[in-house]
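Read-outs throughout are calculated quantities, based only on the coordinates presented, and are distinct from any laboratory measurement. Since we're looking at a predicted model, the values are computed, not measured. Positions of Cβ are generated from backbone atoms using ideal geometry, with glycine treated the same way; all protein chains shown enter the neighbour counts.
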Amino acid sequence: MNQPGSPRTLPGRDRRAVRHPAPGGTARTGHPRHVLVAGGGIAGLAAATVLAERGVRVTLAEASDRLGGRVAAWPLADGRTMSRGFHAFFRQYYNLRALLRRVDPELAVLTPVEDYPLQRPDGLRDSFTGLPTTPPWSMLEFVRRSPSFTLATLARVNVPAALELLRTRFPGTHAAYDGESAAALLDRLRFPPEARALALEVFARSFFADPREFGAGELVAMFHTYFLGSAEGLLFDVPEDDYDTALWAPLGRHLAGLGVTVRVGAPVTDLAIGADRVTALVSGYPIEADACVLAADPRSARELIAALPDADPAWRDAVAATRNSPPFVVVRLWLERSVDADRLAFLGTTGYGPLDNVSVLERFEAGAATWARTLVARWSSCTPTPAPQRWRPTGPRRTRWPPRSRKSCTGCSPRRAGSPFATGRSWSATTASSSPRSRGRHAPASRLPRPAWCWRATGCGATTPSR
């Protein structure tokens, strides 16, 4: 905490940002210590970083073959990449940004998104660009501009219940709404039906939660975090390349420079906690440490803790009661021509069934843009032969899945969903190289596959492989 009279360092532009100091302790360990960090997602990377900076010897073990957890990315053929979907880096994510500043002090790797409109099936669209950054003016201007709110619907709002949104105190707020669903809270607020999906569906899916099971306390917390709790504004940044290239590979090298042993493809099993030592198997090999930071996904954490014979029963029961988030699907398509220039880099959706958002990756991912340019240059030197067109949706309201489209998918093929990006203009997702009858032919440069759309569908009933 800043001392009286000392200059105050702000984590961002919000002058009212409050620093919550950690419990007191020494800046560095006075004796050699070894800590095992189980999990290489954001939580595990953060734990390994702060421990290593304080002189602790750290072994970080990640079960998958890459760092990043839910925000991981991995390579495909031809210089392409895949990930678990779009992630927004809001400017009030101070702790995450402080972690990234270890390798990029100016956060030059993050680029701002000009807007992230929310599209509805009736054609109406909410926008976040051009809003004031200071609450409550940001929220009031958003409500004034939004087609989801009208004077008639606002007049029916339960004002005393709405004022609860202004009286947030954590963790007390979570306790106050314990047992109440977000849907029940919106009913009590008499929230405008047109804006209901904006408040419930968007927030729930942004955090991989089923909207039908989203808690009222979580909804209030999200509303406070994004609309009332910060003067950083309502826009966000995205990495300028895939997550591994831009974020986690540099941070992994930084950890190695701090002396951290980073092991990927190394699941932690057979965890045991003794009086003063922790033992475990990492990829089947025994390891001893003074402590263990359990930063694994909920399923792995449940398995490890359930096997602990002397674990505190209340703690073990609390962990056993956790659940993994519902399955979701991320689909990335490489289309045969470029996306319209007026398309936004990111488009959120509401009311389109399981569809959550659509991203134009080459607008902000350097690797996707480079792949497109390289492919155009490669094919433009070939003699073009017209490729057969296997699929061409022309309707402005619906799309269907091409049976032979060039796509990558984590999980399974999603169900049919309405198209927030259709404008009545025909476009094709089938490429010459994906059709058995056109293999070996050369496609015109104007009809080459381009990395264009990536969308995420949630709650589609599919099962995705668990990590």
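Determine the sum of side-chain charges near residue 176: Lys and Arg each +1, Asp and Glu each -1, restricted to other residues whose C-beta is under 11 angstrom from that of residue 176. Provide the component values of the computation, followed by the final result.
On the way: positive: 167, 169; negative: 164, 178, 180.
Local charge sum for residue 176: -1.
Going by average Cβ density within 10 Å per residue, which order do the peptides 123-130, 315-322 take, highest to lowest?
Ranked by mean Cβ neighbours within 10 Å, highest first: 123-130, 315-322.
In percent, what relative contact order does the range 130-234 have, based on Cα pairs under 8 Å that are 6 or more apart in sequence? Before the final figure, lay out the partial values.
On the way: 109 pairs, mean separation 44.7, N = 105.
So the answer I get is 43 percent.
For the pair residue 133 and residue 342, what calculated FRET efficiency results from E = 1/(1 + (r/R0)^6), where r is the Cβ-Cβ distance and R0 = 22 Å, to the nearest 0.05? Kindly include the intermediate steps, with their values, before the conclusion.
On the way: r = 26 Å, r/R0 = 1.19.
The pair residue 342/residue 133 has a calculated efficiency of 0.25.
For the peptides 241-247, 218-224, 276-282, 308-314, what is the packing order when you average, over each peptide's residues, the other Cβ atoms within 10 Å and list the highest mean first? The partial results should precede the final answer.
Values: 241-247: 22.7, 218-224: 19.6, 276-282: 15.3, 308-314: 9.9.
Order by mean packing, descending: 241-247, 218-224, 276-282, 308-314.
At a Förster distance of 56 Å, what's the computed FRET efficiency of residue 50 paired with residue 152, Cβ-Cβ distance as r, to 0.05?
Efficiency for this residue pair is about 0.60.
Subtracting the Cα-Cα distance from 0.36 nm times the residue separation, let me have the gained length for residue 29 to residue 76 in nm, one decimal. Display every interim value, and only then the final one.
Details: separation 47, 0.36 × 47 = 16.92 nm, distance 4.24 nm.
Between residue 29 and residue 76, full extension yields 12.7 nm more.
Distance between the C-alpha centers of the range 270-303 and the range 102-122? Whole Å please.
37 Å
Rounded to the nearest 0.05, what FRET efficiency do residue 269 and residue 210 give with R0 = 35 Å and r taken as the Cβ-Cβ distance? Could you check? Could the numbers behind the result be given before it?
Details: r = 30 Å, r/R0 = 0.85.
Computed FRET efficiency for residue 269 and residue 210 comes out at 0.70.
Rounded to the nearest Å, what's the spacing between the alpha carbon centres of the range 139-185 and the range 188-215? Just the number, please.
Computed from Cα coordinates, the inter-centre distance equals 11 Å.
About the Cα centre of the range 113-260, what is the dipole size in debye to 20, counting +1 per Lys and Arg Cβ and -1 per Asp and Glu Cβ, all else neutral?
On the way: 13 positive and 20 negative charges, 137 e Å.
Charge dipole of the range 113-260: 660 debye, to the nearest 20.
Residue 245: net charge of surrounding residues, Cβ under 13 Å, Lys/Arg +1, Asp/Glu -1, itself excluded?
-3
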